[in-house]
Amino acid sequence: MSETKLFEIFVNNLNFDVSEYLVEELTELQKKIVDDATFILKENIVGEAKSFGGSVKKNEEKFKELMKQAELELEKNKYKDIKKNLKDYLKKISELIIKTCITIIPVKELPWGEVVFRTIPRITFDDKVHLLDNAIAYYGEINCFIGRTTIFGKMKDPSNEPLFAPFMGNLDLGGFKLEESQDKPKSQVFSYVNAIINSLDSAITKSQLVKYHEGYQRHGDPICDFLMKDDELLNSMGKITTALESERSKSDIAVCSIVVPLPSDKRSLIITTEEGQGDSRFGNCFEALLKFSAACCQVPSPSQEATPQAGSTPGQTGGPIRTPGGQELKVWTAEDLANEAQKRLATQPNIPSWSEEELTKFAEGRGSGIPEGMEVWKEDELMELAEKRRSGGLNIPEWQPDQDMTECSNCGYGLRPGWAKCPVCSTPIEEVKEEPEEPEEPEEPKVSSDENQTEDKNLDLESKEDDPDL
């Protein structure tokens, strides 16, 4: 993360608001600044101006609490590379408070009932911490309602003249929210005006100026077109010293003035800023505010929105809507859209349609038989086809092992006689030893009873012949 971004994070975490340190008692320096600011309109002042100046003593306990909070934030490891610069920033906060002053000046015969002047001291960071105390601002509320926020700024390219541009969307007020219930004028709400002045340096605000310059060729918005035709106004606005001339900003764009519509009050707040040196800055800034306010009072009022039609919801009107370039867009109400839909249905071609019952009958009729010419297979043919597909489309006969082969007890591989181990899993083959067969005893021949008797006689004769005594 860049050091500049870290510096911004540190400052935002402090939530420092200089308006909390304003008192009615002014220092000599603050009195001199107020005198210079009011001298140029002395003849138009009616009544007494109210002035306020910054003082640390006004809210000393809060200031001590702020410094304590800053020291705790400073101890975080992410700030170690710019810790010295942040300490310099803390030292300059009290000086910034002292150089802040504001005065509310009641005037007559001018576009505003009162005009406000204030100083804009800033603490910037660019390798080093600097306190810039030359910037000032004049602002006030006019009794004319300007329909759109409009800004004025310059570009670094000398060929591009300063211009007014419309601002689309919401201003970047840094999270500030204005309470509409406040009784005093918005120009006297110091924090609100401070947020608007800070928004002039926002990248969002600067991009609006460039978009209108490049995308819309500087014309198309009715308010800006009217202001750009006023040469006297452009001459006065061109005298303003912006952040480009003072070299406060490294950007190629600077916005120095703005008009903000206040719908609830039917008024508009106009602010001009000046960053020049010397006493001429007061005259240049006030002259620009005066000419800008007078021109805004002469801007043609925005077209009235059409009255909503009966039955339409809030926000649905028949009035025209314009693009940032001024082009009118047509708007339709809910009733208009419904009528258009009916017209389109009435003009549809005559296309036949079917009821749900008819579609069901069609579906049953299509599934009742087999279309003519469609090939049909029997179940045994499908089984045979499936077998062929499993074999890769080849009609290969199933392998049958030899009769004298055995299977491996581990993996089931076929084994041939004489193998010592399985060639697949190397499991030793146990030889099956055949047990020797026991010889069978010869059976005695069976002789009939007659043959037995003859055989017995023969034995008797043989025995007699062998025995001489018989």
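The values are calculated or read from the model by the stated rules, or taken from the named source; none is laboratory data. Model, not experiment: these values are computed from the prediction. Glycine also receives a Cβ, built like all others from the backbone with ideal geometry; neighbour counts cover every protein chain displayed. Ligands, DNA and RNA are stripped out before the accessible areas are found, and what is left, the full protein with its side chains, is counted by its heavy atoms. Shrake-Rupley method; radii C 1.70, N 1.55, O 1.52, S 1.80 Å.
Of note:
- Estimated FRET transfer efficiency when R0 is 25 angstrom, pair Thr27-Leu132 (beta carbons, to 0.05): 0.85
- Label-point gap, in nm, between Asp279 and Glu60 - each point 7 angstrom along Cα→Cβ: 3.7 nm
- Solvent-accessible area per residue for the range 76-213 (1.4 angstrom probe, square angstrom): 44 Å²
- Take each peptide in 69-75, 414-420, count the other Cβ atoms within 10 Å of every residue, and average; sorted highest first, the result is 69-75, 414-420.
- Each residue, Ser353 and Leu337, gets one label point 7 Å from its Cα in the Cβ direction; the gap between the two is 2.3 nm.
- For the range 22-140: rounded, prolate or oblate by the Cα gyration tensor [a/c cutoff 1.5]: prolate
- Taking all protein chains together, Ser409, Ser51, Ser207 sort by accessible area into Ser409, Ser207, Ser51, largest first [probe 1.4 Å].
- Computed accessible area, Ile429, all protein chains, 1.4 angstrom probe, square angstrom: 50 Å²
- Asp252 contributes an accessible area of around 90 Å² to the protein surface, as traced by a 1.4 Å probe with all chains present.
- Potential lengthening between Ile40 and Thr360 on full extension [0.36 nm per residue; Cα-Cα distance subtracted]: 106.0 nm
- Segment Ser202..Glu71, full-extension length gain: 44.3 nm, with 0.36 nm per residue of separation and the alpha-carbon distance subtracted.
- With all protein chains in place and ligands, DNA and RNA left out, the 1.4 Å accessible area ranks Arg118, Arg344 as Arg344, Arg118, largest first.
- Extended-chain gain in nm, criterion 0.36 nm per residue less alpha-carbon gap, Glu48 and Leu178: 44.0 nm
- Area of Arg148 that stays accessible when all protein chains are in place (1.4 Å probe, Å², to 10): 60 Å²
- Inter-probe distance in nm under a simple model that places probes 7 Å from Cα toward Cβ, at Val424 and Lys239: 10.5 nm
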